[in-house]
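This report refers to the structure that appears directly beneath it.
What follows is calculated from the coordinates using simple rules that are stated; it is not laboratory data. Remember, predicted model here, so these are calculated numbers, not experimental data. Cβ: placed from backbone, ideal geometry, glycine included. Neighbour counts: every protein chain shown.
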Amino acid sequence: MAKREAPEINAGSMADIAFLLLIFFLVTTTMDKDLAYLRTIPKKVENQEKQPPVQKKNIYKIVINSKQVIQARDSLIKPENIESLNSRIKHFYLVNRDKKENRALDYPYYAFGTKAAFQQKLDIAYNGLDAYESKDVLTERDEKIIEQFNNEIQEWNKKIEMIELYTKFSGKKEMPEIALQAHVRLESFIKTDYSAYVAVQSEVEKAVTELRDEESEALFNITYTAMKKYYQQNKLENTPKVREYRKYMDLIELLYPLRLIEVKPNR
Amino acid sequence: MSKFRKNDDKKAPGINTSSLPDIVFMLLFFFMVATTTKEVDPLVKVDPAQGVGLNDLTPFKQRSEVDFLYLGEPLSGDDEKFKDGIAVQYDGIIHKDGIEHIGKWKNDKFSSKPEEFTAPKEEVITCFKADEKVPMGIIFQARDILQEENFNSIGYYAREKGNKNGYNIRQQ
């Protein structure tokens, strides 16, 4: 059979087709990513019991009024100076850190937990649980108390795990923990602009993230931001790396907790 | 005799366009990778607020763990009809009840998630894509409803601010 040459395909209109596709994608897509500050709303509580008042030194109160003027503790901050919030919040966290005496009275104190102390608390919780579980008749109240003890045991076990991790990476036996009640309290007015509110959120987030990154870099040689990004992308896969990062992040979040209370405006 | 004499007899040489498709395909693939599809056409004007250290929602979007709602002035029609001139857009429509519709919308959204969806109710993020001039009162109203319905995760949408520029806050 005679060898026939394959006819050449005319590729001249290939460019047209590609252009068509390109323009289609240009029109239907957007470049910008969706970015946001993630926050949680507290769970609803059925019967509000009266809580003991929080000591003033543990509150960092920021108020934004309807004219976008910001008051942080006792100082007024104009919108153009909002960046100064960053160092103020860092100061709030750091001023009493690693201090056992000569503490600044207006700022949250630190507790220095040790493994032995946590173990002791765990034993107390176990003993309390035993006392209730050995009862023959359990009332509804008893069951509630048992549940509370179980939660406590879980909590102290977690703390012990965390302090072991901290000692392993930092070599220190004591873990500094900011007062449990210490929080940033963000108040706004009904007419406060969303942009001003987000700007304050941004400064709070930035301050805490910088503190966390620094600590994380020193302990684990990787920033908290990088770990969080990896975790958020892969959290459904149960790999050792994901579990490890989760644990590291838990420790960093325990060392520098971001407790932000957003108060509903009523004026 | 000029050196720059026009030679009228010579034709302009043809340009070889055989590599044009390659170039265009390269551009095409770049845009396919670097962009994301638009979900809905906005019906309200949203000029996002600015901030730093924002959380990328892309991984949450891929798992459809985030629902967006849009708050701002309506692009067409008069804003008199809406409370404070702020319309609330859920997916493709502006709802007449405004922010009060959010509870029903979230519940409908949650029950229509695919079966392999595992995230609990509390972890499905509600992201407020709000215009920078939206008053906070409306957002706290939404927060109250979400708290009542046990949707405990929210996101405040913003755009990344360059390090050099300041925040864009309206002064009064």
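The distance from the alpha carbon centre of the range B:55-76 to that of the range A:66-137 is 33 Å, rounded to a whole number.
What percent do you get for the relative contact order of the range A:115-173 when only Cα pairs under 8 Å and 6+ apart count?
In percent, rounded to a whole number, it is 49.
Residues within the reach of a label modelled at A:V263 (point 7 angstrom out along Cα to beta-carbon, backbone nitrogen below 12 Å), restricted to the range A:41-63, are A:54, A:59-63. Subtracting the Cα-Cα distance of A:K172 and A:R185 from their residue separation scaled by 0.36 nm leaves 1.5 nm.
Annotation: amide H of A:I261 within the under-5 Å range of A:V184, A:R185, A:L186, sequence separation 5 or more or interchain, hydrogens built in the peptide plane.
The simple Förster model, with R0 at 51 Å and r as the Cβ-Cβ distance, assigns B:K11 and B:N165 a FRET efficiency of 0.40.
For B:N168, the residues whose modelled amide H falls within less than 5 Å of its own, excluding neighbours fewer than 5 places apart on the same chain, are B:Q50.
Taking only the Cα atoms of the protein assembly as shown, the ratio Rg/Rh comes out at 1.10, with Rh defined as the Kirkwood radius. Computed about its Cα centre, the charge dipole of the protein assembly as shown is approximately 1460 debye, with only Lys, Arg, Asp and Glu carrying charge at their Cβ. Contact order, relative form, for chain A: 23 percent (alpha carbon pairs under 8 Å, 6 or more residues apart, mean separation divided by residue count). Backbone geometry of the range B:55-63 corresponds, through the Karplus equation with coefficients 6.51, -1.76 and 1.60 at θ = phi - 60°, to 3J(HN,Hα) couplings of 8, 6, 8, 3, x, 6, 5, 4, 8 Hz, x marking Gly and Pro. Taken residue by residue and averaged, Cβ atoms of other chains lying within 10 Å of the Cβ of B:55-62 number 6.
Taking 24 Å as the straight-line reach from the Cα of B:K83, the lysines in range (excluding those fewer than 8 positions away in the same chain) are A:K67, A:K191, A:K264, B:K45, B:K96, B:K104, B:K106, B:K129, B:K133.
Farthest towards the positive end of the charge dipole of chain B, among the residues B:S153, B:V134, B:A34, is the Cα of B:A34, using unit charges on the Cβ of Lys, Arg, Asp and Glu. Helix A:115-133 axis versus longest C-alpha principal axis of chain A: approximately 80°, rounded to the nearest ten.
Looking at the range B:44-160, the DSSP beta bridges with both ends there are about 40 percent antiparallel.
For a straight C-alpha distance cut-off of 20 angstrom, the lysines reachable from A:K100 (same-chain residues fewer than eight places away being disregarded) are A:K56, A:K57, A:K90, A:K115, A:K172, A:K173.
Full extension of the segment from A:K90 to A:E49, taken as 0.36 nm per residue of separation minus the current Cα-Cα distance, would add 11.5 nm. A Förster radius of 56 Å, combined with the Cβ-Cβ distance separating A:D74 from B:E123, puts the computed FRET efficiency at roughly 0.90.
A compact globular protein would have a Cα radius of gyration near 2.2 N^0.38 Å; the ratio found for the range A:115-173 is 1.40. The dipole here belongs to the range A:145-267: it is taken about the Cα centre, uses +1 on the Cβ of Lys and Arg and -1 on the Cβ of Asp and Glu, and is about 220 debye.
Under the simplified labelling scheme, the A:D136-B:V40 pair shows an inter-label distance of 6.3 nm, with each label point 7 Å from Cα along Cα→Cβ. The simple Förster model, with R0 at 22 Å and r as the Cβ-Cβ distance, assigns B:Q147 and A:K158 a FRET efficiency of 0.25.
Kirkwood Rh over Cα pairs of chain B into Stokes-Einstein at 25 °C, 0.890 mPa s: D in µm²/s?
124
Quick check on the exposure proxy: order B:L57, B:L75 from fewest to most C-beta atoms within 10 angstrom.
Least crowded to most crowded, the residues run B:L75, B:L57.
In the range B:136-160, whose amide N lies under 18 Å from the spot 7 Å out along Cα-to-Cβ of B:E100? List them in ranges. Output list for this probe position: B:137-149.
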